1. Looking at ARG248, ARG316, can you tell me which residue is open to solvent by 40 Å² or more (accessible area, probe 1.4 Å) and assigned by TED's automatic domain parsing to the domain that holds ASP34?
2. Six or more apart or on different chains, Cβ atoms under 7 Å: show the pairs whose first residue is in the range 1-27 and within 7 Å of the ligand (Cβ to nearest atom) and whose second is among the basic types (Lys, Arg).
3. Just to verify a result, which residue in the range 266-277, among those that are outside any loop (DSSP other than H, G, I, E, B) and buried (at least 19 other Cβ atoms within 10 Å of the Cβ), is farthest from the chain's Cα centre (by Cα)?
4. Tell me the residue from THR92, THR56 that is open to solvent by less than 40 Å² (accessible area, probe 1.4 Å), within 16 Å of the ligand (Cβ to nearest atom) and within 19 Å of the chain's Cα centre (by Cα), please.
5. LEU260 passes all but one of (1) part of a helix (DSSP H, G or I); (2) in contact (Cβ under 8 Å) with a residue 40 or more places away in the chain; which number fails?
6. Under 6 Å between Cβ atoms, at least 6 apart or on separate chains: pull out the pairs that start in the range 92-116 with a residue that is more than 22 Å from HIS249 (Cα to Cα) and end on any residue that is open to solvent by 30 Å² or more (accessible area, probe 1.4 Å) and assigned to a loop (DSSP other than H, G, I, E, B).
7. Which of the residues that make up the range 23-36 are out of contact with any Lys or Arg (no Cβ under 8 Å at 6 or more places or on another chain) and either modelled with pLDDT under 95 or more than 13 Å from TYR285 (Cβ to Cβ) (or both)?
8. GLU39 is checked against (1) within 27 Å of VAL295 (Cα to Cα); (2) open to solvent by 30 Å² or more (accessible area, probe 1.4 Å); (3) modelled with pLDDT of 95 or more; (4) among the charged types (D, E, K, R) and fails just one. What number does that condition carry?
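The values are calculated or read from the model by the stated rules, or taken from the named source; none is laboratory data. As the structure is a prediction and not an experimental result, all values here were calculated from the model. Cβ placement follows ideal geometry from the backbone for every residue including glycine, while neighbour counts extend to all protein chains displayed. Just so you know, the surface numbers come from the protein's heavy atoms only, side chains and all, with ligands and any DNA or RNA stripped out. Shrake-Rupley method; radii C 1.70, N 1.55, O 1.52, S 1.80 Å.
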Amino acid sequence: MAGIYIHIPYCRKACHYCNFHFSTTRYNIRQMQDSLIQEAALQKDFFKSDAGPVSTIYFGGGTPSILPAAWIAELIECIRQIYPVGATAEITLEANPDDIHPETLQNWQQAGINRLSIGVQSFIDKDLEWMNRAHNAQQAYQAVAAAKHAGIHDISLDLIYGTPYLSDQGWQENLQKAADLGVRHLSAYALTVEPRTALFKMIEKGKLPPLNGLKQSRQFDQLMRWADLQGFEHYEISNLAAPGCRSRHNSSYWQGLPYLGLGPAAHSFDGLMTRKWNVDNNQVYIQGITKGKDVSTTEVLSLDNQINEMIMIRLRLMEGLDLGAFRKQFGDLAGAALVQKAQKALNEGQLTIENEQLMLTRKGKHFADSIAVDLFV
Ligand code: SF4
């Protein structure tokens with residue numbers, strides 16, 4: 001099993017909290033499309049022969065729904081010609097509500113898209129305004145309803161909590177709306193303030209209140225209670241799904257399967273120990289790929305980095321970290337050291353071990369990243 005990620009680095013507006021790689025000027029968008037096609041061909045030997053067929057394709061960004069549907073079809077067709085794509089491949093498009101219309105939905109389906117990840121973020125206008133999103137609450141609701149009406153059953157929503165003006169009641173209403181819309185997958189992110197974002201400067205200048213950790217924690221609890229009521233699996237710290245509706249693409253990242261990233265700033269992993277990432281500059285990417293050059297930087301993970309990465313990623317998963325597999329990969333000594341380091345969090349009820357799986361408890365999920373860091377070598 002293998003996955004392909006395609007980064008579409010354009011957005012209509014810059015959301016104030018965002019630090020992804022994107023541009024709001026689109027003068028070179030057709031050259032970008034041609035470069036993505038060219039890079040897909042340049043990377044034709046990326047996967048090892050035993051990697052199996054490509055089982056997931058993911059258009060992320062940026063805002064992939066900004067592309068004409070015919071271009072999305074062109075990219076999927078190009079990938080199908082170069083790589084063996086499985087008959088039941090999950091093909092996801094990240095789409096913003098303002099791009100979702102009945103006709104576009106039909107064209108995306110014809111292109112082969114069978115899953116949508118919709119960037120709703122909130123169903124409350126006041127939130128969307130300070131975020132500088134390109135859509136309003138009504139558009140968000142209508143977009144999800146239209147996608148369902150079009151017969152796309154595999155729909156995920158992105159929502160953000162712990163934001164400056166979001167009350168606990170507002171968050172509950174956002175979750176309720178997702179439930180009312182019959183959504184089977186939710187990616188819910190606690191707002192973070194990244195350096196060099198407009199949000200960072202707004203808080204620094206006192207134009208927005210700083211984040212409130214207690215509120216974020218309460219709203220995370222609300223999220224977990226909501227998931228229980230919906231019968232959703234909280235299968236990764238920020239991802240919740242009805243049984244059988246997990247994101248196959250993102251799950252493959254967390255399982256350490258190989259994936260190829262195409263486009264500026266896209267990351268790739270060979271499934272063993274080598275990562276690479278493309279230059280995060282649209283014009284430099286286009287110029288490099290046009291000349292047939294490699295535009296990536298490669299890192300071979302050290303043993304310590306492999307261990308730390310496994311701890312960080314697996315602890316965020318509902319199934320936790322398989323201690324037997326950990327010992328098999330890194331040795332009994334490393335396994336014993338891990339359990340010893342975990343003792344404090346085990347005693348404090350933040351971690352538990354069940355059937356050889358080291359897992360966060362509900363209490364521990366509030367501190368997932370810091371607990372993982374404490375276990376690092
Ligand atoms: S649409 Fe997405 S990628 Fe674009 S600026 Fe907003 S959050 Fe960032």
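1. Result of the check over ARG248, ARG316: ARG248.
2. From residues that are within 7 Å of the ligand (Cβ to nearest atom), the pairs are CYS15/ARG133.
3. So, considering only residues that are outside any loop (DSSP other than H, G, I, E, B) and buried (at least 19 other Cβ atoms within 10 Å of the Cβ), the one farthest from the chain's Cα centre (by Cα) is LYS276.
4. THR92
5. That leaves (1) as the condition not met.
6. Within 6 Å, the pairs are ASP98/ALA134.
7. THR25, ARG26, TYR27, ARG30
8. (2) is the only condition that GLU39 fails.
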